[in-house]
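**Student:** One structure coming up, written as structure tokens, with questions to follow.
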Amino acid sequence: MGLSSVPATAVLLLLTAATTTVRLCAAQALVPGMMIFGDSVVDAGNNNRLPTLVRADFPPYGRDFPETHAPTGRFCNGKLATDYTDDDAVESLGLSSYPPPYLSEEAQSNNKSLLHGANFASGGAGYLDATAALSGAISLSRQLDYFREFQSRVAASAGGQRAAALTSGSIYLVSAGTSDYLQNYYVNPMLGATYTPDQFSDALMQPFTSFVENLYNLGARRIGVTSLPPTGCLPASVTLFGGGSGGCVERLNNDSLIFNRKLGAAANAVKQRHPDMKLVVFDIYQPLLDLVSNPTSAGFFESRRACCGTGTIETSVLCHQSAPGTCANATGYVFWDGFHPTDAANKVLADSLLLQGLQLI
């Protein structure tokens with residue numbers, strides 16, 4: 001019986017029971033940690049340490065981040081969706097902290113900070129290493145190298161047995177693919193001449209499969225992979241590819257749907273080869289499309305224009321403190337900049353991720 005066939009009240013009861021059980025037995029975490037790989041949607045600050053223009057370590061990024069109200073390197077005004085799922089993990093799964101960016105000073109200088117996982121993601125990364133090279137991001141291949149280094153450091157610090165338990169028991173989240181399209185395929189005439197959109201989606205399945213297989217070979221057993229969002233509804237996409245229509249670019253959304261169908265099939269093929277691995281494809285497409293199409297149902301009033309600057313294209317270095325037009329309060333906006341959701345929208349998306357990810361726990 002799939003999750004969609006379980007009544008909402010039953011799901012809530014299951015979640016409540018699980019949370020109550022963990023609070024009563026706080027010493028026993030349901031998972032020992034989280035490992036995060038991918039792109040700017042989940043980068044918590046690794047790009048701060050890189051010579052790249054794809055960064056968010058300056059205001060107004062981070063202005064609504066709890067307590068500090070300062071930029072962290074997250075491509076958001078506050079928390080990412082993974083921060084919210086981590087919040088629930090901290091409270092409900094028994095973890096004691098968020099996984100730190102692996103390149104952060106904290107993670108590089110203190111092995112103990114890695115005992116609940118790490119974040120290896122880098123804004124601008126894609127399934128193709130060539131995509132990351134365009135912006136100087138950390139490729140997925142290099143993120144895997146850092147993960148191997150991470151494993152060695154944890155083993156040296158806490159012992160091989162704890163390192164193995166952390167590796168096998170942790171939840172892994174992979175978010176990639178959007179940059180392959182928006183920062184590479186759609187703006188690279190050579191790729192456009194070589195591949196149709198359908199062929200390009202096929203070309204991404206091999207690196208996706210290889211990445212998941214490599215994670216498995218390194219000991220990962222609980223992996224969640226996000227689908228593509230409705231890329232044609234991102235404010236920057238509407239500006240660059242919409243021809244002035246102001247609405248979602250349907251051909252880009254169709255490309256996302258094609259990719260997502262193939263991603264699901266490729267994930268099923270991997271699962272068949274490794275029955276001891278839990279692999280879930282998280283649907284980001286529909287929850288974000290729902291927010292864009294009917295924002296008021298979730299308490300938003302603006303889903304076409306982003307908060308930062310003119311709300312049309314600004315992201316990264318274009319979304320700066322002096323960008324004219326930046327909204328004073330982002331809580332009613334679905335998008336913070338031209339490509340990324342607001343803190344408030346990430347909270348809604350995180351709720352969807354948690355429900356979809358129950359089977360990983």
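**Student:** Let me spell it out: the conditions are (1) over 24 Å from ALA350 (Cα atoms); (2) modelled with pLDDT of 95 or more, and PHE282 meets all of them except one. Which number is the exception?
**Tutor:** That leaves (1) as the condition not met.
**Student:** Now, a different point. Quick check on my filter: what residues within region 335-361 are outside any helix (DSSP H, G or I), out of contact with any Cys (no Cβ under 9 Å at 6 or more places or on another chain) and either among the basic types (Lys, Arg) or within 20 Å of PRO295 (Cβ to Cβ) (or both)?
**Tutor:** Scanning region 335-361 gives a single hit, PHE339.
**Student:** In region 209-266, which residue that is assigned to a strand (DSSP E or B) and not aliphatic (A, V, I, L, M) is farthest from the chain's Cα centre (by Cα)?
**Tutor:** ARG222
**Student:** Which one is farthest from SER227 (Cα to Cα) among residues in region 316-358 that are touching an Asp or Glu at 6+ places or on another chain (Cβ under 7 Å) and surrounded by fewer than 23 Cβ atoms within 10 Å (Cβ to Cβ)?
**Tutor:** The selected residue is ALA323.
**Student:** While we're looking at this one, here's another question. Any chance you could count how many residues in region 315-343 are under 16 Å from GLY124 (Cβ atoms) and not aromatic (Phe, Trp, Tyr)?
**Tutor:** Residues that pass the stated criteria total 8.
**Student:** Under the condition of being of a type outside the set (Phe, Trp, Tyr) and touching a residue at least 40 places away in the same chain (Cβ under 8 Å), which residue from region 324-340 is nearest to HIS69 (Cα to Cα)?
**Tutor:** ALA330
**Student:** Among the residues of region 320-334, how many are out of contact with any Pro (no Cβ under 7 Å at 6 or more places or on another chain) and assigned to a loop (DSSP other than H, G, I, E, B)?
**Tutor:** So the answer is 8.
**Student:** In the set GLY169, GLY126, GLY136, GLY159, which member is at positive phi and touching a residue at least 24 places away in the same chain (Cβ under 8 Å)?
**Tutor:** Only one candidate qualifies: GLY136.
**Student:** If you don't mind, another one. Considering every residue within region 298-305, establish whether at least one is among the aromatic types (Phe, Trp, Tyr) and surrounded by 13 or more Cβ atoms within 10 Å (Cβ to Cβ).
**Tutor:** Scanning region 298-305, I find at least one residue that is among the aromatic types (Phe, Trp, Tyr) and surrounded by 13 or more Cβ atoms within 10 Å (Cβ to Cβ), so the answer is yes.
The values are calculated or read from the model by the stated rules, or taken from the named source; none is laboratory data. Keep in mind that what you see is a predicted model, and the values were worked out from it rather than measured. All Cβ positions, glycine included, derive from the backbone under ideal geometry; neighbour counts span all protein chains shown.
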